[in-house]
Amino acid sequence: MYSQASYIKLTKPFMARNMLQYWVDFLCTWSLFVMGMVAWLFAPMALSIVGLVIGIFAAYRCGSFMHEIVHFNRRNKEEMAFKAGWNLLFGIIILSPSRLYDAHLEHHMPKSFATIEDPEYVPITNRSFFGLAFFVFHHVLGPITLVAVRMFLNPIIWMFPALGAKLMNGKGTSLVINWDYIPTDKTKATAFDRFAIVASTVLLYVYLGAIISGLVPLAIVAKILALIIISMVLNGVRTLVAHRYINYDRQSVSREEQLLDSVNLMGNPIIGGLLAPVGLRYHALHHLVQALPYHSLEPAHKKLVAELPEDDSYHQVNVSLSQAMRELKSGQKTEAGTVMAAS
């Protein structure tokens, strides 16, 4: 059973964004990230390791706000102010301005979800341990590398657009999982988006100059990269259990099938908050009602679980992390209350 009208009605009281909560959460997390990074780089060994752990999870949480930003209303000044603050304090600094994630909106479009036009969905054919590990590393480090190459080439691409189109074919303009995805630019860049891309490009050259000149020792560079990459790998693991990735024919699916391919991670809220921060553990609910702010996902989820009938499809997407991994490993899907092998 699936009723979009019921989902909207039950979650309507939770739609308001509390921008003060966004700012407090992000700034506290960003402060932890800075302190963790400093300790990791300069503190004695024991404190350095503590700083590494704090820095990894703080960087991961800071980065996860990008997922909220892409769903913001461009006409809302408070939301756009947060977008600017996040980019200036974090996104541009790590060379990942929020503009790189705008393609995410196509992941939610009914006609493109799970198809070749979905930037964030690739059916997993090899579900062995090594196959799943390859999915994580291939789709974490690959797009990052491509974006870095694109930024490095940006000055040439800007001067010679035709050459840029030939060299990159639009690649490197988005952080995507599906490497066959061709950017459509359906979400037009704002003036701030263009500034953020230029600033990130300039900063990349500043970073390279500091490294090549010896101003920043290679040991420091390696430690910074280690912290950032590990945080990205965590996000890759989280992405791995965000869906069941069973749409092998890449054809459009119904809204109910989209829901059933998505997962809410239940269990310990602290562990869930660390592994899937900023509401990302309620990924199925996010697909169901994408306008819900991250701080409202948990109460909205509880409302749905309490009031939806037992045969509603929403009850089939709430699983533990271990169950999500077992389903992912076996290539199974939940359909009408029955576990069926994916073809």
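The values are calculated or read from the model by the stated rules, or taken from the named source; none is laboratory data. Remember, it's a predicted structure, so these values are computed and weren't measured experimentally. Every residue, glycine as well, gets a Cβ built from its backbone with ideal geometry; the counts of neighbours run over all protein chains shown. The area values use the complete protein model at the heavy-atom level, side chains included, leaving out ligands, DNA and RNA. Shrake-Rupley method; radii C 1.70, N 1.55, O 1.52, S 1.80 Å.
Odds and ends about this structure:
- Shown here for the stretch 245-339: chymotrypsin sites (Phe, Trp or Tyr not before Pro) in loop regions (DSSP other than H, G, I, E, B) with at most 13 other Cβ atoms within 10 Å, namely TYR248.
- Full extension of the chain between VAL149 and SER128 yields a length gain of 4.5 nm, computed as 0.36 nm times the residue separation minus the alpha carbon distance.
- Protection proxy ranking of 223-233, 94-104 - average other beta-carbon atoms within 10 Å, highest first: 94-104, 223-233
- The ratio of the alpha-carbon radius of gyration of the stretch 1-155 to the globular-protein estimate 2.2 N^0.38 Å is 1.26.
- The stretch 37-93 versus the stretch 100-174: alpha-carbon centroid distance in Å: 22 Å
- Cα Rg over Rh - the chain, Kirkwood: 0.96
- Translational D in µm²/s for the stretch 1-74 (Stokes-Einstein at 37 °C, 0.692 mPa s, Kirkwood Rh from C-alpha pairs): 223 µm²/s
- Across GLU327, GLU117, the residue with the most accessible area heads the list, and the full order at a 1.4 Å probe is GLU117, GLU327.
- Mean separation of Cα contacts under 8 Å, 6 or more apart, over the residue count of the stretch 117-194: relative contact order %: 41 percent
- Gained length - ILE49 relative to ARG255, 0.36 nm times residue gap less alpha-carbon distance: 69.7 nm
- Pairs of lysine residues in the chain - Cα separation under 23 Å, sequence separation of 8 or more or cross-chain: 17
- For a paramagnetic label modelled on THR184 (point 7 Å from Cα along Cα→Cβ), amide N atoms under 20 Å away belong, within the stretch 245-271, to 247-259.
- Estimated from helical segments only, the mean residue ellipticity of the chain at 222 nm is -18000 deg cm²/dmol, where each DSSP H run of four or more residues counts as -39500 (n - 2.57).
- If the segment from ALA16 to ALA84 were pulled out straight at 0.36 nm per residue, it would be longer than the present Cα-Cα gap by 22.5 nm.
- Surface accessible to a 1.4 Å probe, PHE135 within the full protein complex, Å²: 10 Å²
- Accessible area of TRP23 (1.4 Å probe, protein heavy atoms only, ligands and nucleic acids ignored): about 70 Å².
- Largest GNM mean-square fluctuation among ALA196, ALA276, ALA306, using the chain with Cα springs under 10 Å: ALA306.
- Figure legend: label point modelled 7 angstrom from the Cα of PHE42 along Cα→Cβ; residues of the stretch 193-216 with amide N under 20 Å from it are 207, 210-211, 214-216.
- Site pair VAL216 and MET1 shows an inter-label distance of 5.6 nm when each label is modelled 7 Å from Cα along Cα→Cβ.
- Accessible surface of LYS188 - all protein chains present, 1.4 Å probe, nearest 10 Å²: 130 Å²
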